[in-house]
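The values are calculated or read from the model by the stated rules, or taken from the named source; none is laboratory data. Everything numeric here is computed off the predicted structure, so don't read it as measured data. Neighbour counts run over all protein chains shown; Cβ positions are idealised from the backbone, glycine included.
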Amino acid sequence: MNIVLQLKIALRKVLSDQIVDNLKKTLGKIGPQKKKREIDTLYRLLFNAVQDPENSLDIGSNQTVETFKHQWTELADGQFMLSDTWFKENIGSILCDEMLLLKPEWFKGKSILDAGCGSGRWSYGLAQLGANMTCVDINEIAVNSTRDAIESFPVDKIFHLSPLEELDNVLGGEKFDMVFSYGVIHHCKSFNKAFDSVVSKVTDGGVLFLYLYGRESFSLDEDLELFKDRMYYNAITDQKERMVFLKQRAGNNPVCLNQLHDHFAPLINRRFEFEDIRSRLQEAGFGRIERTMDTTELYIRAFKGTDADAADVMLSKKGKPFWFNRYRVDIDD
Ligand SMILES: C[S@@+](CC[C@H](N)C(=O)[O-])C[C@H]1O[C@@H](n2cnc3c(N)ncnc32)[C@H](O)[C@@H]1O
């Protein structure tokens, strides 16, 4: 007989029915709290393992890559995508006047690497400005969409299917006048490897642009709650039910389903402090490291080398309303 059962029998002999009833009631009261603590601990452990900057769990990285495959197949259109005519018409000025703060004439003939090109919206804008484009993504559908998106521009175009962590395999020692990476590295299996690989591709005097999720937008506790929602969303096996989840959160605005999918589907979704990224970039030999847009997310432009003199091509910072404020839809519960 096991020790717990023996103890139960011994206790039952010395305790009155009333005491047993009282104990049951007390245990019933503390039970859910303890359960909650245990569940929260498991979520936190899983969150840390999935967001690990050096190497996310395979289960997290495979799932993240799959969610983007779904996004580019089923939800490629929407607000701020190339199907949005307002966005498509304004993409050049969004890039120059708000995100990069560089004059349009800087781009002509420059070599630009779009690291994690997605369906090609930013490659479209950069090619339209006259840059020669090299576009990389881990997802074949994304690379093919980007190829279609920039087909008509009379610039050089090269496409690679590759994880950013392994750019050297497809690019060798090639460097670029600009490396542009919007909303990608925080989703990569290894943030550290992808970051080092991407920043190493900027030529001396060249420009790096990164858009990363900022810790300022969500505290760690809020992020954990969001992670629970992501687990819930991913546990729904029926595609129709998943759409219901997203549509409920999209309110009356179905055009933002694409952004909501970005928010809830990929399990790897890291957030960063600007100061951490700034010191990493300084270590990698970048100077003039600035946030180009004053929002809680990180829009970062930096120049390779501390003496890069770009004053004659730089534009000054603009304030709100930014391009996305025009359509801002509240995605919180
Ligand atoms: C949020 S989307 C951003 C796409 C594009 N930059 C944009 O703003 O439209 C993230 C992209 O990162 C790609 N991705 C995820 N992990 C990657 C990795 N390890 N290496 C390269 N691309 C990756 C996905 O396939 C997806 O296209």
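For residues that are in contact (Cβ under 8 Å) with a residue 60 or more places away in the chain and not hydroxyl-bearing (Ser, Thr, Tyr), scanning just the stretch 131-158, find the one that is surrounded by the fewest Cβ atoms within 10 Å (Cβ to Cβ).
Initial filter on the stretch 131-158 (in contact (Cβ under 8 Å) with a residue 60 or more places away in the chain): 138-139, 141-142, 145, 149.
Right, trim to not hydroxyl-bearing (Ser, Thr, Tyr) and you get 138-139, 141-142, 149.
Details: Ile138: 22, Asn139: 20, Ile141: 17, Ala142: 25, Ala149: 22.
Across the stretch 131-158, the extreme among qualifying residues is Ile141.
A search for C-beta distances below 9 Å between a residue of the stretch 171-196 that is more than 28 Å from Met81 (Cβ to Cβ) and of a type outside the set (A, V, I, L, M) and any residue that is within 8 Å of the ligand (Cβ to nearest atom) and part of a loop (DSSP other than H, G, I, E, B), counting only pairs 6+ apart in sequence or on different chains, returns Lys193/Pro163. Contact map, the stretch 242-256: residues that are farther than 14 Å from Leu75 by Cα paired with residues that are modelled with pLDDT of 85 or more and surrounded by fewer than 17 Cβ atoms within 10 Å (Cβ to Cβ), Cβ distance under 7 Å, separation 6+ or inter-chain. Pairs shown: Phe245/Ile236.
Would you say Leu161 is within 11 Å of the ligand (Cβ to nearest atom) and surrounded by fewer than 18 Cβ atoms within 10 Å (Cβ to Cβ)?
In short, yes.
Scanning the stretch 264-311 for residues that are of a type in the set (Lys, Arg), surrounded by fewer than 20 Cβ atoms within 10 Å (Cβ to Cβ) and on the phi < 0 side of the Ramachandran plot gives Arg270, Arg278, Arg280, Arg291. Report whether or not Glu216 is over 28 Å from His70 (Cα atoms), under 20 Å from the mean Cα position of the chain (by Cα), touching a residue at least 12 places away in the same chain (Cβ under 8 Å) and exposed (fewer than 14 other Cβ atoms within 10 Å of the Cβ). No. Among the residues of the stretch 106-130, those identified as of a type in the set (Gly, Ala, Ser) and surrounded by 24 or more Cβ atoms within 10 Å (Cβ to Cβ) are Ala115, Gly116, Gly118, Ser119, Gly120, Ser123, Gly125, Ala127. Applying the set (1) closer than 30 Å to Leu46 by Cβ; (2) among the hydrophobic types (A, V, I, L, M, F, W, C); (3) in contact with a strand residue (DSSP E or B) (Cβ under 9 Å, 6 or more places away or on another chain) to Val65 leaves exactly one unmet item: (3).
Residues checked against (1) among the charged types (D, E, K, R); (2) within 26 Å of Trp86 (Cα to Cα):
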{"residue": "Lys201", "(1), (2)": "yes, no"}
{"residue": "Phe218", "(1), (2)": "no, no"}
{"residue": "Glu222", "(1), (2)": "yes, no"}
{"residue": "Gly251", "(1), (2)": "no, yes"}
{"residue": "Leu257", "(1), (2)": "no, yes"}
{"residue": "Phe272", "(1), (2)": "no, no"}
{"residue": "Asp294", "(1), (2)": "yes, yes"}
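Check whether at least one residue in the stretch 45-53 is of a type in the set (S, T, N, Q) and in contact with an Asp or Glu (Cβ under 9 Å, 6 or more places away or on another chain), and report yes or no. Can you show your working first?
Filtering the stretch 45-53 for residues of a type in the set (S, T, N, Q) gives 48, 51.
From what is left, the residues that are in contact with an Asp or Glu (Cβ under 9 Å, 6 or more places away or on another chain) are 51.
Looking through the stretch 45-53, at least one residue is of a type in the set (S, T, N, Q) and in contact with an Asp or Glu (Cβ under 9 Å, 6 or more places away or on another chain).
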